[in-house]
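Please treat every number below as a calculation from the coordinates, not as lab data. Note that the structure is a prediction, hence the values are computed from the model and not measured. Backbone-built Cβ (ideal geometry, glycine too); neighbour counts: all protein chains shown.
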Amino acid sequence: MSTVASPTKLEVVKYGHPVLRQKGVRIEKITPEIEQFAAAMFEAMYAHHGIGLAAQQVGRAWQLTVLDVRGVTDRPSTLQVDGKETDPAAIMPLVLINPEVKPIGETAVAAEGCLSFPELYGDVERPAQARIRATDLKGQTIEFSCGGLLARAIQHENDHLNGILFIDRMTRASKTELKPQLEELQAATKAALNTKK
């Protein structure tokens with residue numbers, strides 16, 4: 001057990017909060033603060049039953065995301081490390097710092113949700129595979145290719161790191177259908193922010 005003081009619980013910000021539209025700044029050095037923040041992000045992600053969480057979603061515009069797809073059995077993931085097929089669980093839980101994500105392959109449409117949009121789901125078209133290069137919490141460079149749910153989740157979180165939300169990539173039909181709920185969520189978030197001022 002770590003002797004470092006436990007970080008305060010992180011709150012997942014909702015659609016309408018301005019930080020969700022901010023591009024994250026690069027992390028130049030892995031500090032104890034970054035390590036604690038990543039641990040707190042995992043805690044928040046697991047508490048909300050998520051599979052990915054970006055720093056912007058907990059109020060920090062940094063190039064940092066955490067993922068763990070092990071709990072999902074109905075939407076498989078694939079992983080290749082050094083060109084060899086590997087069990088995706090081997091790299092979970094996953095921390096990606098300053099990730100470079102290159103989507104590859106055919107696109108596929110699938111339902112996506114987002115912790116910053118509670119209970120809202122929509123169809124999003126994305127490339128089915130991706131190549132990733134990033135830094136881990138030890139400051140080491142990691143590189144791998146992935147497919148399935150892991151590729152989709154990483155692309156979703158990488159979008160967050162660049163101020164892009166899944167509604168920006170949603171099919172027109174899904175976005176139209178969700179419009180009333182999106183407007184309601186955005187208004188509620190902005191009203192809550194105004195009362196904190």
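Things to note:
- Its relative contact order, with pairs defined as Cα atoms under 8 Å and 6+ residues apart, puts the range 39-117 at 28 percent.
- Counting charges near P76 (Lys, Arg +1; Asp, Glu -1) among other residues having Cβ under 12 Å from its Cβ returns a value of +1.
- Derived scalar couplings ³J(HN,Hα) [the range 173-179; Karplus, 6.51 cos²θ - 1.76 cosθ + 1.60; whole Hz; x for Gly, Pro]: 4, 5, 5, 5, 5, 8, 3
- Residues of the range 108-133 with amide N under 11 Å of a point placed 7 Å along Cα→Cβ from V72: 110-114
- FRET efficiency for the T86 to K9 pair, using the beta carbon distance and R₀ = 25 Å, is estimated at 0.15.
- Electrostatic bookkeeping for K175 treats Lys and Arg as +1 and Asp and Glu as -1; over the other residues with beta carbon under 14 Å from its beta carbon, the sum is -3.
- With R₀ fixed at 25 Å, the C-beta to C-beta distance from A191 to A110 puts the FRET efficiency at about 0.15.
- Residue of P93, P18, P180 that the Gaussian network model of the chain assigns the largest fluctuation, springs spanning Cα pairs under 10 Å: P180
- Checked against a 29 Å cut-off, the cross-linked pairs K29/K175; K23/K197; K23/K102 give Cα-Cα distances beyond that limit for K29/K175.
- Taking 0.36 nm per residue of separation and subtracting the Cα-Cα distance, full extension of the segment from E43 to K179 would add 45.9 nm.
- The protection proxy used here, the mean number of other Cβ atoms lying within 10 Å of each residue, ranks peptides 23-29, 146-152 as follows, highest first: 146-152, 23-29.
- Helix-derived mean residue ellipticity, 222 nm - over the chain, DSSP H n ≥ 4, -39500 (n - 2.57), to 500: -10000 deg cm²/dmol
- Rg in Å to one decimal, and Dmax rounded to a whole Å, for the chain via C-alpha atoms: 16.6, 53
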